[in-house]
1. Hand me the list of helices (runs of 4 or more DSSP H) wholly inside the range 334-413 holding 2 or more residues that are in contact with a helix residue (DSSP H, G or I) (Cβ under 9 Å, 6 or more places away or on another chain) and basic (Lys, Arg).
2. When you go through 339, 303 one by one, which is the residue that is modelled with pLDDT of 95 or more, under 13 Å from residue 252 (Cα atoms) and out of contact with any Pro (no Cβ under 9 Å at 6 or more places or on another chain)?
3. Considering only the range 158-170, I want to know if a residue exists there that is assigned to a helix (DSSP H, G or I), surrounded by fewer than 23 Cβ atoms within 10 Å (Cβ to Cβ) and either at pLDDT 95 or above or not aromatic (Phe, Trp, Tyr) (or both).
4. Quick one: count up the residues across the range 177-198 that are buried (at least 21 other Cβ atoms within 10 Å of the Cβ), among the hydrophobic types (A, V, I, L, M, F, W, C) and within 28 Å of residue 46 (Cα to Cα).
5. Looking only at helices (runs of 4 or more DSSP H) that fall completely inside the range 424-479, which ones have 2 or more residues that are closer than 24 Å to residue 198 by Cα and charged (D, E, K, R)?
6. From the list 57, 76, which residue is at pLDDT 95 or above and either open to solvent by 40 Å² or more (accessible area, probe 1.4 Å) or in contact with a His (Cβ under 8 Å, 6 or more places away or on another chain) (or both)?
7. Anything in the range 81-99 that is under 12 Å from residue 40 (Cβ atoms) and charged (D, E, K, R)? List them, or say none.
Amino acid sequence: MSAQKPPAETNASTAKVWSGRFSEPVTELVKRFTASVTFDQRLARADIQGSLAHAAMLAKVGVISPQDLSDIGRGMAQITAEISAETFEWDIAREDVHMNIEARLIAIIGDAGKRLHTGRSRNDQVATDIRLWLRDEIDDLVERLRVLQSALLDVANHHAATIMPGFTHLQVAQPVTFGHHLMAYVEMLARDEARLVDCRKRVNRLPLGAAALAGTSYPIDRQHVADALGFDGVCENSLDAVSDRDFAIEFVGAAALIMTHLSRFSEELIIWMSQSVAFIDLPDRFCYSSSIMPQKKNPDVPELIRGKTGRVNGHLVALLTLMKGQPLAYNKDNQEDKEPLFDTVDTVRDSLTIMADLATGIVVKEDNMRNAVLKGFATATDLADYLVKRGVAFRDAHEAVATAVRLANQSNRRLEDLSLEELRSFSSHITDDVYAVLSPEGSAAARNHIGGTAPEQVRSAIARARIRLSAARGQSAIA
């Protein structure tokens, strides 16, 4: 097919492409209100990437000439250099990143730049840009999740046998190890990683070719563009392709869960660092003092991560609300999808990066952790299990141990401080081997099964997690 020369607005480089339809310009306030270039210019690289693939396809099917394609490539290379050098002049009058780049392209190469937009609309263009940009950001966040997991694995391995109290209702419940506690967060982060990897599959579909809403009459090859841009396939309904942002909502939902897990960990760091608990200390580089109390060392960074979780949760609600009332197809409402999405990515990226550094610097006060276990009758369940294994019904064992705890509490002693004679007064099944059961180390070691807190199991869990991370990174490198 011979190259076609689609007409273009003669003033496209200086005016809006639809300006001929109206008899007066918008006001300065409306111009500022509707413009997005102040924040969507971060899509510039993706916009250029998508435009180059689109232009190559147009040349392949004969809609533009080889010379047009060469000129477009040359112009985009210059624009890329200008953006990198921060000499590109962004103009709010051109409203968004797409029109700014197109206007500059036309200024550099002339009519060939006017033909670039053939067979597409800003509706499918922006949807493509967001997906290209978000795909790369997901890849980056996945790697940062893996770095944080690796940092936690190192600390967990060092403290696989460090005894600390496990809590329910913030009350001392049973002995666990600090390594086992940290491995709970590794599990959470692994699921966060899996959610992002899965979300990426739905992000990685090409909208370009849907045009404004109904497709285009030009003989385009959408699969060619998808292959060139590394998409797994195309969005198969043009109305859906330009109008829905469920992929962005899904991402922010996954991001909100990441922040929720970081917030939970932050909350524990804050509690553990308090003087009344004193399980850990944090490096000075993550803390601030008070403006009037010079003795203070405040865990500002964990507190701020905890606070920023609400920010990301808010973005999720904002995007859900943005989409819920929109009829098909594209609406200007969707301009409001970018700032929540951009800020979510920035917030999660910074939080993961800081937390990985912070985790490696945690100073564990092992004696304080163990002493806290001794204060809470944490091995009471072990004593009950001991009796059950000797034929006592669980409810009877439970009652016997509860009575023993009451005696120990009244006399300000621990269970292991009670004499054998005192313990046998609650059950004749108790013998002198009971004291091995009543030690925190013995309690932890007894949970020697997959998922248990026994140091042996913690080290095995760490080994499995490292194998998983290594395999995942290998797959990413191949992809």
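1. Details: elements: 338-360, 366-374, 380-388, 394-410.
Filter on the range 334-413 gives 338-360.
2. Numbers: 303 fails: under 13 Å from residue 252 (Cα atoms).
Residue meeting the stated conditions: 339.
3. Narrowing the range 158-170 to residues assigned to a helix (DSSP H, G or I): 158.
Keeping just the survivors that are surrounded by fewer than 23 Cβ atoms within 10 Å (Cβ to Cβ) gives 158.
With the extra rule that they be either at pLDDT 95 or above or not aromatic (Phe, Trp, Tyr) (or both), the set shrinks to 158.
Yes, some residue in the range 158-170 is assigned to a helix (DSSP H, G or I), surrounded by fewer than 23 Cβ atoms within 10 Å (Cβ to Cβ) and either at pLDDT 95 or above or not aromatic (Phe, Trp, Tyr) (or both).
4. 1
5. Details: elements: 434-438, 440-446, 455-478.
Result: 455-478.
6. Numbers: 76 fails: either open to solvent by 40 Å² or more (accessible area, probe 1.4 Å) or in contact with a His (Cβ under 8 Å, 6 or more places away or on another chain) (or both).
57 is the lone residue from the list that is at pLDDT 95 or above and either open to solvent by 40 Å² or more (accessible area, probe 1.4 Å) or in contact with a His (Cβ under 8 Å, 6 or more places away or on another chain) (or both).
7. Let us first name the residues in the range 81-99 that are under 12 Å from residue 40 (Cβ atoms), namely 90, 92, 94-99.
Those that are under 12 Å from residue 40 (Cβ atoms) and charged (D, E, K, R): 94, 95, 96.
Conditions (1) closer than 22 Å to residue 173 by Cβ; (2) open to solvent by 30 Å² or more (accessible area, probe 1.4 Å); (3) not β-branched (Val, Ile, Thr), marked per residue:
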position	(1), (2), (3)
389	yes, yes, yes
392	yes, no, no
395	yes, yes, yes
425	no, yes, yes
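The values are calculated or read from the model by the stated rules, or taken from the named source; none is laboratory data. Here the structure is a predicted model, which is why all the values come from computation and not from measurement. Quick reminder, even Gly has a Cβ in these numbers, built from the backbone with ideal geometry, and neighbours come from all protein chains shown. Quick note on the areas: whole protein, heavy atoms, side chains included, nothing else; ligands and nucleic acids left out. Shrake-Rupley method; radii C 1.70, N 1.55, O 1.52, S 1.80 Å.
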